[in-house]
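Peer 1: One structure, pasted below without further comment.
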């Protein structure tokens, strides 16, 4: 097996652009997915089953179908419906965000329900509304417990962003496939991509571990 470093050097600017887009896709999807996930998780906990049903159905659909299929549906069906032509980056952000929201919603639900009911009752007895009690009492405590599973979901999201290459979003995996197609190589493009993804996930793991330890001491 011969390993040609010259083509890696040639593609370095493309790998850099692809990595930056991968980071951008991941950050956007994490932010949007977290906000949506919070509201969906709270919606699923509604005592009224009829009101909670749309949130349950949302989670069931996005957790029960492949992200690959979701990206294709959004790319070829949803995005063109609104802007008349599709866009790979927009489709990737939407699909990753909606998919992540379903998993993050369950994380929020589990974290909130792990807090003793007495906390809510005590907050309400002090005159807080349900929303105030959630914001100032329940969520701050639940957030500390949610850091590890949220961190795992964020790491998974970085890796799943590689599926954006199937809709021609020029992220890291897109350029790896381009190199492989141009030079009919396997090891150089995909090992390079693997090393970059590994660096990104290890960096995020390090930051999340630091955050978890810091919150544990507060």
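Each value in this text was obtained by applying a stated rule to the coordinates, not by laboratory testing. If you're wondering where the values come from, they're calculated on a predicted model, not measured in any experiment. Heads up, the Cβs are rebuilt from the backbone with ideal geometry, glycines too, and the neighbour counts pull from every protein chain shown.
Peer 1: Which whole-number percent is the relative contact order of the stretch 5-216 (Cα, under 8 Å, 6+ apart)? List each step's numbers first, then the result.
Peer 2: Working: 234 pairs, mean separation 60.9, N = 212.
For the stretch 5-216, the relative contact order is 29 percent.
Peer 1: Have a look at 131, 101, 142 and tell me which one the Gaussian network model of the chain (Cα, springs below 10 Å) gives the largest fluctuation.
Peer 2: Judging by the Gaussian network model, the answer is 131.
Peer 1: Taking springs between alpha-carbon atoms closer than 10 angstrom, which of 42, 166, 50 fluctuates most in the Gaussian network model of the chain?
Peer 2: Per the Cα network of the chain with a 10 Å cutoff, 50 tops the list.
Peer 1: In the P(r) worked out for the chain, what percent of Cα pairs fall beyond 24 Å? Please list the in-between numbers first.
Peer 2: Values: 12461 of 23653 pairs.
That tail contains 53 percent of the Cα-Cα pairs.
Peer 1: I'd like the FRET efficiency for residue 39 and residue 6, computed as 1/(1 + (r/R0)^6) with the beta carbon distance as r and R0 of 41 Å, rounded to 0.05.
Peer 2: Working: r = 50 Å, r/R0 = 1.23.
Using R0 = 41 Å, I get an efficiency of 0.25.
Peer 1: Right, something else. If you wrap a convex hull around the C-alpha atoms of the stretch 55-106 and split its volume per residue, what is the figure in Å³? Could the numbers behind the result be given before it?
Peer 2: On the way: hull volume 3.5 nm³, N = 52.
Cα-based convex hull of the stretch 55-106, divided per residue, equals 68 Å³.
Peer 1: What would the Debye equation give as log₁₀ I(q)/I(0) for the stretch 100-218 at q = 0.15, 0.17, 0.19 Å⁻¹, counting only Cα atoms as equal point scatterers?
Peer 2: The Debye formula, applied to the Cα set alone, gives -0.79, -0.90, -1.01.
Peer 1: If you average the sequence gap of Cα pairs under 8 Å that are 6 or more apart and divide by the length of the stretch 50-99, what percent do you get for the contact order?
Peer 2: Numbers: 27 pairs, mean separation 18.8, N = 50.
With pairs under 8 Å counted, the relative contact order is 38 percent.
Peer 1: Rank 117, 145, 63 by mean-square fluctuation in a GNM of the chain with C-alpha springs under 10 angstrom and give only the top-ranked residue.
Peer 2: 117
Peer 1: Right, next: Please give, to one decimal in nm, the separation of the simple spin-label points placed at residue 14 and residue 202, each 7 Å out from Cα toward the Cβ.
Peer 2: The two pseudo-label positions are separated by 2.6 nm.
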